[in-house]
Each structure stands twice: as structure tokens, then as C-alpha cells.
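Structure record follows, encoded as C-alpha cells.
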């Protein structure tokens, strides 16, 4: 899946946060909904401009960010 066909970043839209192309839905918002327990079906019903492919692109984008080390938590070493 080439997420670049579905995920865009434009400084004029949501201050440049990655969004689903053609919407003002940020990747962050969609991941937040999933973290709150929303199903893919609930998200797609509430945001009809999303497609199954665009939702898969969100997952692909996050996966690539994790692989590239862009998303990780640093833990402080205790003495």
C-alpha cells in the first residue's frame, strides 16, 4: 500500500498535520478514535469521506513512521 496516495501534509490545513487527502481528518485523530475503542466500521460510518483504502493508508503511514524511528518513547534511565 502506497500511503502517499492517501496521506498528505499541507501547512494550510491543520498546521501541516498529516491528513487523509481530501479531508480535514488528521492521522492523529483517526488513531485517537481507534485508541478510544472505535471500530473501523464506526469511523467509516461517522466520516463517510473515508474509504477502506484511506484507512489502510493511515495504518501504513504509522507503520512506516515506527519503522523509521519517528515514533518511539524514550525512557529515562534511573540511577
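What the table shows:
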quantity	calculated
Scan of segment 45-65 for residues that are free of Cβ contacts under 8 Å to residues at least 60 places away in the same chain, out of contact with any strand residue (DSSP E or B) (no Cβ under 6 Å at 6 or more places or on another chain) and outside any loop (DSSP other than H, G, I, E, B), ordered by number	45, 46, 52, 53, 55, 56, 58, 59, 60, 62, 63, 65
Cβ pairs under 7 Å, 6+ apart, first in segment 21-36 and without any contact (Cβ under 8 Å) to a residue 24 or more places away in the chain, second outside any helix (DSSP H, G or I)	24/13; 26/17; 26/18; 26/19; 28/17
Residue that is surrounded by the most Cβ atoms within 10 Å (Cβ to Cβ) [pool: residues in segment 5-27 that are part of a helix (DSSP H, G or I) and modelled with pLDDT of 95 or more]	27
Top-ranked residue in segment 34-50 [being surrounded by 13 or more Cβ atoms within 10 Å (Cβ to Cβ) and closer than 16 Å to residue 7 by Cβ; ranked as nearest to the chain's Cα centre (by Cα)]	34
Residues satisfying the stated conditions in segment 1-42, i.e. under 12 Å from residue 57 (Cβ atoms) and in contact with a strand residue (DSSP E or B) (Cβ under 7 Å, 6 or more places away or on another chain)	6, 7, 8, 18, 19, 20, 21, 25, 27
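The values are calculated or read from the model by the stated rules, or taken from the named source; none is laboratory data. This is a predicted model, so every value here is computed, not measured. When we count neighbours, we look across all protein chains shown, and the Cβ atoms used for this are built from the backbone with ideal geometry, even at glycine.
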